[in-house]
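Remarks on the structure that follows.
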Amino acid sequence: MTEFWLAAGLLLLVALSFLLIPVLRGRRAQLEEDRTALNVALYQERVAELTAQQAAGVLDADQLAKGRDEAARELLDDTENAEPQRLGRLGKPLPLLAAVLVPLMGLGLYMHFGASEQVELTREFAEAPHSMQDMTERLERAVEAQPDSAEGLYFLGRAYMAQERPADAAKVFERAAALAERQPELLGQWAQALYFANGKQWTEQLQTLTDEALKADPNEVTSLGLLGIAAFESEHYQQAVDYWNRLLVQLPEGDASRNALQGGIERAQEKLKAGEGKVASAPAPAPAPAPVAGPRLKVRVELAAALKDQVKPDDTVFIFARASSGPPMPLAAKRVTVAQLPIEVELSDSDAMMPSMKLSSFPEVQLVARVSRAGKPTQGEWIGRSSPLASSTTAAQHLTIDSPDQ
């Protein structure tokens, strides 16, 4: 803030110069005017002296004329560099009064209408925070200065969650969602904060929020992760696996949360293999979102017997549909592991990788299943492909992974 006031002071000095310089120039003009008056008086005195000398018979007419001419030349020499007389001036009091009132008025207007708080916040955010508490306090001041900023509220909510203050975070995310027209990401963050603030108890409000978020964006990551957690906590392990697999496909390679998510999926699968968990028909606290309209391709994927000794149980398997004629990127995808094969999955618009690229956007597609040890959907070791089929196909399809991926 000190730098700001120094800069403001320099600008004030520049502004004062425009007011005070005319005053100084006025004083100089006055001095020039006084000197000119003195020279005129001396000229008149010299002419009177010459006239008196002529009357006394000391000078003749020619000498008088020469004396007058010489006195006139001296007067012109003294006055030719003088500034012309100013016909109108504001006078000394008014510029000096303006020099005092202008900065005072400017300061008053800035303190009332200005953005000194935003300037200070900008300076603070330019420096690295000393702690999480320091960052939270800065965000609180930013939200106080700009209460209608959904972005500021979002970051404040994330800071509260990092400090394990879910109740405060829920209030902030609720405000942000209202300001941002209930964007899916903010609805998911709001639901997550409420879930932890309520002691991990699933409620109707949470179900409504996650349903709304996934209806607007079927791949909204926070809602998918939260539904998976709620399903796991309620011992609905298959639902947890389904939600988390949908989430895993959305995460980029190298994401720090991928390992933790994969670990959760494996624990849920172990519970299923051990026969634990509640049956699918039992009431679940986090049912799947409402069915998505559009194509629904059912496919059973299995691994060729000849390849079972060449893959590992934890190798990643990507199952996806892509356009037969169009971009090579998947239109809908699911991610499982070799240990889960054979498996039956369903691909629909809710599994779209991008909102603008869905199954319903293309009349003909191809089904693909790929084994990738590196976990990359675009390249792997083994692959299985189907023949082109209509995206509106309702009959179950069969896909065998049996060929080298080239």
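Here's a check for you: in the stretch 317-328, which residue that is touching a Lys or Arg at 6+ places or on another chain (Cβ under 9 Å) and crowded, with 20+ Cβ neighbours inside 10 Å is nearest to residue 266 (Cα to Cα)? Give the derivation first.
So the first thing to find is which residues in the stretch 317-328 are touching a Lys or Arg at 6+ places or on another chain (Cβ under 9 Å), and the list is 317-320, 328.
If we keep only those that are crowded, with 20+ Cβ neighbours inside 10 Å too, we end up with 317-320.
On the way: 317: 14, 318: 16, 319: 18, 320: 21 Å.
In this case the residue turns out to be 317.
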Failed item in (1) under 27 Å from residue 140 (Cβ atoms); (2) crowded, with 24+ Cβ neighbours inside 10 Å; (3) out of contact with any Leu (no Cβ under 6 Å at 6 or more places or on another chain), with residue 177 passing the rest: (3)
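Criterion first (under 22 Å from residue 336 (Cβ atoms) and crowded, with 22+ Cβ neighbours inside 10 Å) does residue 241 satisfy it? Let's see the steps before the verdict.
Values: under 22 Å from residue 336 (Cβ atoms): yes; crowded, with 22+ Cβ neighbours inside 10 Å: yes.
Considered against the rule, which asks whether it is under 22 Å from residue 336 (Cβ atoms) and crowded, with 22+ Cβ neighbours inside 10 Å, residue 241 comes out as yes.
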Residue, nearest to the chain's Cα centre (by Cα), within the stretch 188-246, restricted to residues that are part of a helix (DSSP H, G or I) and hydroxyl-bearing (Ser, Thr, Tyr): 222
Residue under evaluation residue 362, criteria (1) under 24 Å from residue 308 (Cα atoms); (2) buried (at least 17 other Cβ atoms within 10 Å of the Cβ), criterion not met: (1)
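Values quoted throughout were computed directly from the atomic coordinates according to the rules given, and no laboratory measurement underlies them. These numbers come from a predicted model, not from an experiment. Positions of Cβ are backbone-derived with ideal geometry, glycine not excepted, and every protein chain shown enters the neighbour counts.
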